[in-house]
Amino acid sequence: MAVRLGWDHIGLWMIVGFTLFCLLSVPLLAWQFLPINPVIKASLCVVMLTVGFTPLLAGAQTIAWNIGMNRETGWLDLWSGALELFAPAAVLGLIQAVIWFVGAVALWFYVSQHSVVAVLATIVCIYCNLMWAVLTPLQLPLLVMQERGVFDEQEKRARRGTLAVIRRSFFLMIGAPAAAFGLLVANVAILLLSVITVVTVPLFTVGMLAMVNDQAVTALLVRFTVLPPPPDPAEAVEDEKFRVNFRQDGDR
């Protein structure tokens, strides 16, 4: 379904992917031409990527959500979604960057040591990094759904914000660990395919990832009865509401 819906909107995803690719060149240009200390330059580029790029990815995920819900969508939804989700998406990007940095440094430190305790600590670091990697593809789709009120009840508004997204991704992963791990494998395969083929990096990668993650998370939420199942094409649609009622005297 992700491939089918993505193919039906391939022109839109090409424009979105090219837009994000052009914006991604801004921190690369800053890294190349800014005459400042390399550490400060690297920190500035990381902040630009996390704070500026993550909301745009949330905007792309908004387009995927609209497509999955059979709603009208377009290139402007990339910007409207990014503005609407700017604060929680930027915080989520910073949290992800910090966790990945701490996990990589801790793993490098313990790998460089030569002791039994270091080996055990290395295994724990690998496990924690893998768990966070499994959670990551779930978070942007859940952020979009959360802000759209998918988890709201009739008289109770569901929690908003970044911590609520991380919490929901954790429970979703606990409920379906095999599916969450399979989604991570699919994301890695798409990224590797994009790097190998080169051309698809600026054009299709963002769309493929957004559609796959959206459809996977939607399917899991349907499985756990959070979302209603999609209509069955083989099931007849009641036409009572489309009928025109006539009075017995012949007048409408």
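The values are calculated or read from the model by the stated rules, or taken from the named source; none is laboratory data. Computed from a prediction, not measured in an experiment: that's the story for all the values here. Here the Cβ positions follow ideal geometry from the backbone for every residue, glycine too, while neighbour counts run over all protein chains shown.
Annotations
- There is no residue in the stretch 88-96 that is at pLDDT below 85 and of a type in the set (V, I, T).
- Qualifying residue in the stretch 128-151 (condition: within 19 Å of F170 (Cβ to Cβ) and not in a helix (DSSP H, G or I)): yes
- Scope the stretch 163-194; condition over 18 Å from M131 (Cα atoms) and β-branched (V, I, T); matching residues: I190
- Matching option when the condition is at pLDDT below 90, among the hydrophobic types (A, V, I, L, M, F, W, C) and in contact with a Phe, Trp or Tyr (Cβ under 8 Å, 6 or more places away or on another chain), among L203, L192: L203
- Yes/no for L221 being under 19 Å from T62 (Cβ atoms), of a type outside the set (G, A, S) and at pLDDT 90 or above: yes
- Residue in the stretch 94-102 that is surrounded by fewer than 14 Cβ atoms within 10 Å (Cβ to Cβ), within 17 Å of L163 (Cα to Cα), under 16 Å from the mean Cα position of the chain (by Cα) and of a type outside the set (D, E, K, R) present: no
- Flag for L12 being in a helix (DSSP H, G or I), within 16 Å of G81 (Cα to Cα) and in contact (Cβ under 8 Å) with a residue 40 or more places away in the chain: yes
- Checking each residue in the stretch 182-193 for being within 14 Å of L138 (Cβ to Cβ), of a type in the set (A, V, I, L, M, F, W, C) and surrounded by 14 or more Cβ atoms within 10 Å (Cβ to Cβ) picks out L183, L184, A186.
- Meets criteria (buried (at least 19 other Cβ atoms within 10 Å of the Cβ) and of a type in the set (G, A, S)) for G52: no
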